[in-house]
Structures are given as C-alpha cells and as structure tokens.
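Coordinate-derived values only; no laboratory data. A quick note: this is a predicted structure, and the numbers were derived from the prediction, not measured. A quick note on method: Cβ atoms are made from the backbone with ideal geometry, for glycine too, and the neighbour counts reach across all protein chains shown.
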Amino acid sequence: MSFFELPHTADVKIRVCAPDFETLFSEACRALMQVMYGKDIETGVKREIELDAQDPESLLLDFLSEILYITDAESLIVSHADVHITGLHLHASLDGELFDPKRHNRGTEVKGISYSGMSIQKNADGYVLDILFDV
C-alpha cells in the first residue's frame, strides 16, 4: 500500500508516497475512496475529467474535490484514476462502479479536502503527500 493514515484529532490525515507526480494523484484518489467506501470497489464505469490550476497544491485539491463531486452527483465510486499532468493541466481517466449500499457503507463520510496541513514534498524516492480529509 502506498498510503496510510496518520494520527489526527478531528479529521482523517493521510500520507501518500509515490515514485512520480501522476501516481501521487492517482494514489491520493484511491486513498480517498478507501477512506469513504472500503477496498471492495469494482471497475467498469468510465469517466474522463480535465482540470487546470495555478499551482500543484491547487491542482491536487481541485482533482480530489472533483472526485468527491462525481461520487456525490453521479454515484460513481472510483477504483482507479489514470492521471496525466502536463504543466498545471490534468487529464484523468476514472474507472469505478456505481454506489452499492450493500457493499459501500463501511467508511467515513468525507465532506471536503483541506488546504490546511497539505504538503507535497519531493525526495530521493519520489513524492510524499500529507493531506487532510474533512469529515
């Protein structure tokens, strides 16, 4: 697993590690979905998204916020995001399934993604992201 939960008093804090920037975004999406719905997420429903932002942190926040919106508005639970980033433009191919209350009610409701405490660091192994999910 390339992400894990860190202790936090009120929200869910996640650390994501990835060898490259695009995988970092993909794994952050996977972490968000697992916090909300558990690991039992199938594939088969496809969706494309495109976003632009002014900086990498805003791009990540906008991406995860868009995933939350799609999950809420379209009942799409994302199992995988194939992310491509050029400069500050993101294109993602999402793959998942429609919400099934019998299988997807084991997680924590995430209301939003927080800038507070967000940190994207590059190291010798790739990237490390610390992020808060508002619950």
**OP:** Output the number of residues of the stretch 14-59 satisfying the condition of being surrounded by 17 or more Cβ atoms within 10 Å (Cβ to Cβ), within 17 Å of residue 109 (Cα to Cα) and charged (D, E, K, R).
**Re:** 1
Subject >> Odd one out for residue 69 among (1) out of contact with any Lys or Arg (no Cβ under 7 Å at 6 or more places or on another chain); (2) exposed (fewer than 14 other Cβ atoms within 10 Å of the Cβ); (3) in contact (Cβ under 8 Å) with a residue 60 or more places away in the chain >> reply: (3)
Subject >> Residues within the stretch 1-58 that are assigned to a strand (DSSP E or B), touching a residue at least 12 places away in the same chain (Cβ under 8 Å), of a type in the set (A, V, I, L, M, F, W, C) and within 22 Å of residue 135 (Cβ to Cβ), tallied >> reply: 5
**OP:** Determine if the stretch 95-106 includes at least one residue that is under 17 Å from residue 62 (Cβ atoms) and either touching a strand residue (DSSP E or B) at 6+ places or on another chain (Cβ under 7 Å) or not hydroxyl-bearing (Ser, Thr, Tyr) (or both).
**Re:** no
Original post:
Quick one: how many residues across the stretch 86-135 are surrounded by fewer than 14 Cβ atoms within 10 Å (Cβ to Cβ), among the hydroxyl-bearing types (Ser, Thr, Tyr) and touching a residue at least 60 places away in the same chain (Cβ under 8 Å)?
Top reply: 1
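Residue by residue, here is whether (1) touching a Leu at 6+ places or on another chain (Cβ under 9 Å); (2) among the polar types (S, T, N, Q) holds:
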| position | (1), (2) |
| --- | --- |
| 8 | yes, no |
| 12 | yes, no |
| 21 | no, no |
| 50 | yes, no |
| 62 | yes, no |
| 72 | no, no |
| 86 | no, yes |
| 96 | yes, no |
